[in-house]
Amino acid sequence: MSTLIKGARPYGEGDPVDVLVEDGVITAIGAIDVPEDAEVIDAAGQVLLPGFVDLHTHLREPGREDTETIDSGSAAAALGGYTAVFAMANTDPVADNAVIVDHVWRRGQEVGLVDVHPVGAVTVGLKGEKLAELGTMANSQARVKVFSDDGLCVADPLLMRRALEYSTALDVVIAQHAEEPRLTVGAQAHEGERAARLGYTGWPAAAEESIVARDCLLALHANARLHVCHVSTSGTADVLRWAKDRGTKVSAEVTPHHLLLTDERLATYDPVNKVNPPLRTESDAEKLRTALADGTIDCVATDHAPHAVQDKDTEWTAARPGMLGLQTALSIVTETMVRTGLLDWRGVARVMSERPAEIGNLADQGRPIAVGEPANLALVDPDAEWTVRGAELASIAANTPYEGMRLPGVVTATLLRGRITARDGKIG
Amino acid sequence: MKHLLATDGLDPAVATAVLDTADELKHTLLGREVKKLPTLRGRTVVTLFYENSTRTRVSFEIAGKWMSADVINVSASSSSVNKGESLRDTALTLAAAGADCVIVRHPASGAAQRLAGWLAEPGTSVVNAGDGTHEHPTQALLDAATLRERLGSLKDRRIAIVGDVLHSRVARSNIHLLAALGAEVVLVAPPTLLPYGVESLPVTVSHDLDAELPAVDAVMMLRVQAERMHGGFFPSAREYSIAYGLSERRQKLLPDHAVVLHPGPMLRGMEIASAVADSPASAITEQVRNGVHVRMAVLYHLLASEGAAA
């Protein structure tokens, strides 16, 4: 089985070339005659990138299959250009044991649209009291590489220290949802002028920054790897820069929504804009963009969080936090990073594929577009635009904050080990 | 006026028209034995209260009844809300049953705004009777009516709002309305009871009540809720009372013409001394009386008049 991608520009650089994929591997790059029986994708000068890797996805299975399943979430991922996603542990039941993580892994392989790597919980039941069996999960069929209590912070400093120390023997990374719980009791929105005016209980930036600072100190002390989920404040970027400069093995992600949206959205009172950590200010968003461009923040992760209508079409405080992200991520990155000149397409490959694959320890993802490499690829039309309609997205839930927005950058094809998983907006 | 959701952004001309209507209604009803006007006959007004309330709910109910509207009271504890019905479904049910106006009190900031969005299609008017720690616009209007009565105009008057501004929807509504009507507002509170970003509001801030009192035309005392006293916002009720309570000694620092307001319910001896609350400077019972007229005027502008004019 072979596929020929005709006239693509790898990393958006140089003249268009043809890329031949055979048996899941890139076998030739150059001017290539169409082989017999080959499927042809006419790229017409579009940008060819390594398939995207999302370190932070909520697929909701098991537990909330009314909002997303591994099936529907995999489809959304493939359509968004992803070839691997990390499914967060806060399912019901929680992915804090080998049975659940293996189930998620196997379901992902059965669906076959994207590699679904389960994230294991750091603590039993996400309760923040007792370490989960990290070793058993790391050595299970799913080979869990990332552990996180995401949605909740591992707030107890001693427990976090133990988790970091313990992880060093397993070559895994602890991904922290940085939120000091005592500083965010009842928090509803970024603590700033807008929340003050609208009477929302504030979620102060310091509640994130203080945990990130603490964890960086602990990670350095333990010589452990720490990954910081969804960085949302300017101050966190400063802390990360400081920690990296002194040799801490810390990596960090930023979500597309924190790059684009701000707490200006609070005035709508529409909880489609409610997310944790909350949308911050314009100056935070600006700082996050430059931090992503200069490598202080390593990568983009979606924090794709499907929610049912009844959990969103409510008063603000009753709504669950989170928003869809898999199918809009590339477009938001195009809008905020490429069109602004902060990143070229090679930079996009770095933040959406290469760095997340390294952080998640995936040997076959985020690889160079070169002969002999696995054909995990995303083809992007950088000039096309599209209008977001939540109901038309592949997710079961439709809670997108970009409803009706016209966005640049369209994923026209996704290949997973040579197999076309999405093409022209349809599942392959 | 289609809804009354907030004073933030409320056109001062509309606010003034409501206050003028309230004045007219008050004088029309003055000395009448039968306090009923036929204006809203056949209109249905529902009060939908998700929090306990005596004065606001009763005030709206009386206002509706004096305007001859049919007033129906729904409280969360005795309705389908207890069965888990969402705010949206409850609102649509009330609209479908024929409510012309829903007066809502809800613990979530922004709830009234959401309700207005959901009820845009049935065309039901929404009045915010207090949403979380956001706004309580009719309270601000009745405070403004009371201050206008006592002081004449609000233009260039200086009003101190004292106490738990952070958690107070009364304070937020008053800040915006008083500023829109030309008054200067000074907030006097411990830093822990002021919202982060307070400097973005049209106010000045002080932590020294004694220093502020001689220059103000009115002082509005806010209630300190019991749960705040134990929430670590200040060391003790005693220390709070000493620093921010309106004692008899402090009252003497006020100019003779200055008015004392309190939205109620009062904690006598805590934020306000009994003797001050009952003194001639106090307009606390007038606030309640004016509340009915202001709410009549609001209902009138929402349901009876085309446009904003009376």
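Every number here is computed from the coordinates shown, using simple stated rules; none is lab data. Quantities reported herein were computed from a predicted structural model and do not represent experimental measurements. FYI the Cβ positions are ideal-geometry reconstructions off the backbone, even for glycines, and counts take in every protein chain you see.
Numerical summary
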{"read-out": "Simple Cβ-charge dipole of the protein assembly as shown, Lys/Arg +1 and Asp/Glu -1, about Cα centre, in debye nearest 20", "value": "2460 debye"}
{"read-out": "Of all DSSP beta bridges in the protein assembly as shown, antiparallel share, percent nearest 5", "value": "35 percent"}
{"read-out": "Computed over the stretch B:115-264: relative contact order in percent, which uses C-alpha pairs under 8 Å that are six or more apart", "value": "23 percent"}
{"read-out": "Average Cα contact separation per residue, the stretch A:312-428, under 8 Å, 6 or more apart, as relative contact order %", "value": "25 percent"}
{"read-out": "Dipole moment magnitude, nearest 20 debye, the stretch B:137-287 about Cα centre, only Lys, Arg, Asp, Glu C-beta charged", "value": "180 debye"}
{"read-out": "Loop-exposed trypsin sites (Lys or Arg not before Pro) per DSSP, neighbour cap 16 Cβ within 10 angstrom, longest uninterrupted part of chain A", "value": "A:1-126"}
{"read-out": "25 Å Cα-Cα reach of B:Lys252 towards lysines, excluding residues that sit fewer than 8 places from it in its own chain", "value": "B:Lys155"}
{"read-out": "Partner aspartates and glutamates for A:Lys287 [C-alpha distance under 12 Å; skip if fewer than 8 residues away on the same chain]", "value": "A:Asp238"}
{"read-out": "Between helix B:284-299 and chain B: long-axis angle, C-alpha atoms, 0 to 90°, nearest 10", "value": "30 degrees"}
{"read-out": "Pair A:Leu217, B:Asp210: separation of 7 Å Cα→Cβ label points (nm)", "value": "4.1 nm"}
{"read-out": "For B:Thr28, A:Thr334, order by how many other beta-carbon atoms lie within 10 Å, fewest first", "value": "B:Thr28, A:Thr334"}
{"read-out": "Qualifying GluC sites (Glu not before Pro) for the stretch A:1-79 [loop in DSSP, other Cβ within 10 Å: at most 16]", "value": "A:Glu13, A:Glu36, A:Glu65"}
{"read-out": "Chain A: antiparallel DSSP beta bridges as a percent of all, rounded to 5", "value": "50 percent"}
{"read-out": "FRET E, pair B:Arg238, A:Glu180, Förster distance 25 Å, beta-carbon r, rounded to 0.05", "value": "0.25"}
{"read-out": "On Cα atoms only, tilt of B:87-96 relative to the major axis of chain B in degrees", "value": "50 degrees"}
{"read-out": "Degrees between helix B:55-66 axis and first principal axis of chain B (Cα, 0 to 90, nearest 10)", "value": "40 degrees"}
{"read-out": "Proximal lysines relative to B:Lys83, as straight alpha-carbon distance under 27 Å, when same-chain residues fewer than 8 apart are discounted", "value": "A:Lys274, A:Lys312"}
{"read-out": "Axial C-alpha extent at least 24 Å, average Kyte-Doolittle at least 0.5 - helices from chain A (DSSP)", "value": "A:205-222"}
{"read-out": "Convex hull volume of the stretch B:137-287 per residue (C-alpha atoms, cubic angstrom)", "value": "96 Å³"}
{"read-out": "Relative contact order computed over chain B (Cα-Cα under 8 Å; 6+ residues apart), in percent", "value": "21 percent"}
{"read-out": "Share, in percent, of DSSP beta bridges within the stretch B:137-287 that are antiparallel, nearest 5", "value": "0 percent"}
